[in-house]
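As structure tokens, the structure follows; a few thoughts come after it.
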Amino acid sequence: MLNLLKPKRTEQVIIANKSEPDSAQAQQDLLRPIAEAIYRLRAGLGPEGSLPDPVGTALLALFEALQARDETGLKQTVGLSTQASEAMAAFSRTTVEVREIDALVQDMSSALGRLDGSMKNLDAVGGQTRTVMLESAKLVREGAEAVGASTASVEQIGEALKKLAARAAALTEATAQITGIVGNIEAIASQTNMLALNATIEAARAGESGRGFAVVAQEVKALSGQTAKATDDIRRRIERLRGDTEGLGACVVDAEAAMEQCRGVNAEAHSKMSAAEAARESNADRMDELFRILGEQTATTSQLATTASKISRQLDKTVAHSNTAVAACKASDKLIEAQLAEFDTRKPRDYVLHRAKSDHMLWKKHLNEMLAGVSKLEASELVDHHSCRLGKWRDGPVEPSVKRHPAFAALERPHEAVHVHGRRAAELFARGDRAGAFAEVEKMEAASAEVVRLLDQLLSR
């Protein structure tokens, strides 16, 4: 059985070997258009209609599926580019605002630190002021007590002056009485002198018998003369005493007037002292309230300074996180560019419009990176609206269905505005005018939103 089969197998092999070149050529002829169709698919081109079914139909379906996949992938990539641009815009604003807030918080923290020091100094000065006020209050009380004592002394002196005035009046009256008595003595002395003179005359007439009487009369005359001299001396002394008494009375009157004036001065001083004491008590109450408020303000200021310091540290962390997010967002550029470069070899439907939209978003993203400080962008690096991909596409040959669309003509002005405001933003940022740069970027973004809207209209035609 085995021997019978062997010749048949050999025969078949010999026959197969004879037909092998013809079969290989036929396979190559069959596979060549298929391979070419596959290469066309790889390049984004559809298969030619010369392929027989079912291969031609399958490759056409594959082409349509690849086109749909590429178009979806392109839209997703452009969407990612748009989201990255919007995220960068948000991150850049957040980063700049957080940095500005951090700078303000640091300034506020420094100001609060200085204010805290000032409040503590003010509290110390307030304590010294309180001590001075207490000392002044003590002096005011002592002054009031001294004025009260002075008033009491003045009253005592006034009473003494009244007594002195009464005694001076009594002395004046006694002096007047003495003067009257002296006058009587003078009259008696004068009469005695006349009697002695008459007695002497009579004794001389009596002769020897009146000699003793003459001696007595002479002694009486001598005594009368002495009495007259004594009364004259007493009169002079009484006159001086009267003058001194009258002078004393005048002095007492002047002293009483001065004492009355002193009473008025003391009363006024006492009134002012009382007012000063009342004002001091009021000021003391106000100072106590002020010290209480100062204490609260000092505590609040210290708390604010501590809080500001914590906020500043937290903002530093926020800035670091924001910088990390910005760096991660910036790193997406290479991924997007690589993905778009892959689509560039196949050119899906409306590839130029999608790519122009992506380029537009990346350009906007680079401006926001500049604002965030993660990249440098000179105004000279920014081309005008005719030199970018979208501008070159608009100025070149365009598909008629696109060129006839109203959105195509409407692109000119907002597209130009995007480039004008972008260049202006870069110029202002280079000069250090951040506020002006942000204002120009806001204008650029408004124009950019219009450009994207018009591109979406063209894509959905």
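Before moving on, here are some points about what is shown:
- Rounded if a/c under 1.5, otherwise prolate or oblate - the chain, Cα gyration tensor axes: prolate
- Over 22 Å (Cα to Cα) - which of Lys75/Lys364; Lys317/Lys376; Lys310/Lys376; Lys138/Lys272 fall in this group: Lys317/Lys376; Lys310/Lys376
- Relative contact order (percent, whole number), the chain, Cα cutoff 8 Å, 6+ residue spacing: 24
- The fewest-to-most ranking of His386, His360, His270 by surrounding Cβ atoms within 10 Å reads His386, His270, His360.
- Helices of the chain meeting both criteria, an alpha-carbon length of 18 angstrom or more along the long axis and an average Kyte-Doolittle score not below 0.0, with helices taken as full DSSP H segments, are 55-206, 434-459.
Computed from the coordinates by the stated procedures, all read-outs in this text should not be read as laboratory data. Just so you know, these numbers come straight off a predicted model, no measurement behind them. When we count neighbours, we look across all protein chains shown, and the Cβ atoms used for this are built from the backbone with ideal geometry, even at glycine.
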